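**Q** Once you've had a glance at the structure underneath, I'll fire off some questions.
The values are calculated or read from the model by the stated rules, or taken from the named source; none is laboratory data. On a predicted model such as this, the values are computed, not experimentally measured, just so you know. Backbone-built Cβ (ideal geometry, glycine too); neighbour counts: all protein chains shown. Ligands, DNA and RNA are stripped out before the accessible areas are found, and what is left, the full protein with its side chains, is counted by its heavy atoms. Shrake-Rupley method; radii C 1.70, N 1.55, O 1.52, S 1.80 Å.
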Amino acid sequence: QVQLVESGGGLVQPGGSLRLSCAASGSIFSINSMGWYRQGPGSQRELVATITTGGRTNSADSVKGRFTISRDNAKNTVYLQMNSLKPEDTAVYYCKGVILRATSSRFADYWGQGTQVTVSS
(Lines give C-alpha, C1' and ligand atoms only; values in the text may rest on other atoms or scores of the structure.)
Protein backbone atom coordinates (compact mmCIF):
# COMPACT_ATOMS: atom_id res chain seq x y z
CA GLN A 1 0.00 0.00 0.00
CA VAL A 2 1.01 3.59 -0.65
CA GLN A 3 -0.37 6.54 1.28
CA LEU A 4 -0.02 10.28 0.77
CA VAL A 5 -1.00 12.41 3.72
CA GLU A 6 -1.36 16.18 3.44
CA SER A 7 -1.21 18.68 6.26
CA GLY A 8 -1.03 22.43 6.77
CA GLY A 9 -4.34 23.67 5.42
CA GLY A 10 -6.59 26.08 7.25
CA LEU A 11 -8.18 29.52 7.31
CA VAL A 12 -6.03 32.54 6.46
CA GLN A 13 -6.70 36.18 5.68
CA PRO A 14 -6.02 37.62 2.22
CA GLY A 15 -2.34 38.42 1.88
CA GLY A 16 -1.39 35.74 4.37
CA SER A 17 0.72 32.60 4.00
CA LEU A 18 0.36 28.87 4.51
CA ARG A 19 2.71 25.94 4.02
CA LEU A 20 1.31 22.61 2.92
CA SER A 21 3.15 19.33 3.38
CA CYS A 22 2.56 15.91 1.85
CA ALA A 23 4.37 12.80 2.99
CA ALA A 24 4.32 9.57 1.00
CA SER A 25 4.73 6.28 2.81
CA GLY A 26 4.31 2.57 2.32
CA SER A 27 5.88 0.06 -0.03
CA ILE A 28 7.61 2.66 -2.21
CA PHE A 29 10.47 1.75 -4.50
CA SER A 30 10.80 5.04 -6.31
CA ILE A 31 8.99 8.37 -6.71
CA ASN A 32 9.07 10.27 -9.97
CA SER A 33 7.27 13.61 -9.95
CA MET A 34 5.19 14.99 -7.10
CA GLY A 35 2.73 17.81 -7.28
CA TRP A 36 -0.14 19.82 -5.92
CA TYR A 37 -3.57 20.22 -7.47
CA ARG A 38 -6.62 22.07 -6.23
CA GLN A 39 -10.36 22.01 -6.67
CA GLY A 40 -12.42 25.05 -5.81
CA PRO A 41 -16.19 25.13 -5.28
CA GLY A 42 -17.95 24.26 -8.51
CA SER A 43 -14.67 23.90 -10.36
CA GLN A 44 -12.64 21.11 -11.88
CA ARG A 45 -9.42 19.96 -10.30
CA GLU A 46 -6.51 21.97 -11.66
CA LEU A 47 -2.75 21.78 -11.52
CA VAL A 48 -1.02 24.11 -9.08
CA ALA A 49 2.61 23.01 -9.27
CA THR A 50 4.77 19.96 -9.89
CA ILE A 51 8.37 19.04 -9.16
CA THR A 52 10.57 16.27 -10.51
CA THR A 53 13.04 14.19 -8.56
CA GLY A 54 15.77 16.43 -9.89
CA GLY A 55 14.02 19.58 -8.73
CA ARG A 56 12.58 20.84 -12.01
CA THR A 57 9.35 22.71 -11.31
CA ASN A 58 6.27 23.71 -13.22
CA SER A 59 3.46 25.89 -11.94
CA ALA A 60 0.20 27.46 -13.02
CA ASP A 61 0.36 31.05 -14.19
CA SER A 62 -2.14 32.03 -11.49
CA VAL A 63 0.30 31.12 -8.70
CA LYS A 64 3.67 32.06 -10.22
CA GLY A 65 5.55 34.46 -8.00
CA ARG A 66 3.37 33.56 -5.00
CA PHE A 67 3.60 29.79 -4.52
CA THR A 68 6.78 27.73 -4.31
CA ILE A 69 6.95 23.95 -4.54
CA SER A 70 9.84 21.99 -3.05
CA ARG A 71 10.57 18.43 -1.99
CA ASP A 72 12.75 16.40 0.32
CA ASN A 73 13.55 13.19 -1.52
CA ALA A 74 14.99 11.54 1.59
CA LYS A 75 11.67 12.05 3.37
CA ASN A 76 9.41 11.38 0.35
CA THR A 77 7.80 14.70 1.14
CA VAL A 78 6.66 17.59 -1.03
CA TYR A 79 5.86 21.09 0.20
CA LEU A 80 3.88 24.04 -1.11
CA GLN A 81 4.72 27.44 0.31
CA MET A 82 1.83 29.77 -0.44
CA ASN A 83 2.31 33.51 0.00
CA SER A 84 0.14 36.52 -0.83
CA LEU A 85 -2.94 34.33 -0.71
CA LYS A 86 -6.11 35.52 -2.42
CA PRO A 87 -9.75 34.54 -1.90
CA GLU A 88 -9.67 32.81 -5.29
CA ASP A 89 -7.02 30.43 -3.91
CA THR A 90 -9.73 28.91 -1.71
CA ALA A 91 -9.95 25.22 -2.57
CA VAL A 92 -9.23 21.70 -1.46
CA TYR A 93 -5.57 21.06 -2.20
CA TYR A 94 -4.53 17.57 -3.22
CA CYS A 95 -1.08 16.03 -3.35
CA LYS A 96 -0.17 13.61 -6.10
CA GLY A 97 2.84 11.35 -6.46
CA VAL A 98 3.91 9.31 -9.48
CA ILE A 99 5.16 6.27 -7.61
CA LEU A 100 6.65 2.87 -8.34
CA ARG A 101 5.64 0.39 -5.68
CA ALA A 102 8.12 -2.18 -4.49
CA THR A 103 5.85 -4.92 -5.86
CA SER A 104 5.05 -3.31 -9.20
CA SER A 105 6.75 -2.79 -12.55
CA ARG A 106 4.98 0.43 -13.47
CA PHE A 107 4.70 3.91 -12.06
CA ALA A 108 1.19 4.92 -11.07
CA ASP A 109 -0.55 8.04 -9.74
CA TYR A 110 -1.38 8.16 -6.06
CA TRP A 111 -3.43 10.91 -4.43
CA GLY A 112 -3.79 12.25 -0.95
CA GLN A 113 -7.14 12.86 0.71
CA GLY A 114 -6.94 16.64 0.33
CA THR A 115 -6.62 19.54 2.72
CA GLN A 116 -8.90 22.58 2.80
CA VAL A 117 -7.44 26.04 2.28
CA THR A 118 -9.79 28.96 2.87
CA VAL A 119 -8.72 32.55 2.22
CA SER A 120 -11.18 34.97 3.76
CA SER A 121 -11.33 38.03 5.94
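**Q** Taking Arg19, is it under 23 Å from Tyr110 (Cβ atoms) and surrounded by fewer than 18 Cβ atoms within 10 Å (Cβ to Cβ)?
**A** The answer is yes for Arg19.
**Q** Checking Ser84 against (1) at positive phi; (2) among the hydroxyl-bearing types (Ser, Thr, Tyr); (3) in a strand (DSSP E or B), which test does it fail?
**A** Going through the list (1) at positive phi; (2) among the hydroxyl-bearing types (Ser, Thr, Tyr); (3) in a strand (DSSP E or B), Ser84 breaks only (3).
**Q** For Ser121, are the conditions met, namely being over 10 Å from the mean Cα position of the chain (by Cα), within 19 Å of Gly10 (Cβ to Cβ) and polar (S, T, N, Q)?
**A** Here the answer is yes, as Ser121 does meet what is asked.
**Q** Moving to a separate point now. Within the stretch 40-62, work out how many residues are among the charged types (D, E, K, R), touching a residue at least 40 places away in the same chain (Cβ under 8 Å) and assigned to a strand (DSSP E or B).
**A** Total satisfying the criteria: 0.
**Q** What about Val98, is it assigned to a strand (DSSP E or B) and either under 18 Å from Pro41 (Cα atoms) or basic (Lys, Arg) (or both)?
**A** no
**Q** Please find, within the stretch 63-108, the residue that is surrounded by the fewest Cβ atoms within 10 Å (Cβ to Cβ) out of those that are closer than 23 Å to Leu18 by Cβ, among the hydroxyl-bearing types (Ser, Thr, Tyr) and touching a residue at least 60 places away in the same chain (Cβ under 8 Å).
**A** Ser84
**Q** For the stretch 1-16, which positions are open to solvent by 70 Å² or more (accessible area, probe 1.4 Å), in contact (Cβ under 8 Å) with a residue 60 or more places away in the chain and more than 15 Å from the chain's Cα centre (by Cα)?
**A** Leu11, Gln13
**Q** Follow-up. Just give me the residues in the stretch 27-42 being more than 16 Å from Asp72 (Cα to Cα) and open to solvent by 60 Å² or more (accessible area, probe 1.4 Å), in sequence order.
**A** Hits for the stretch 27-42 are Gln39, Pro41, Gly42.
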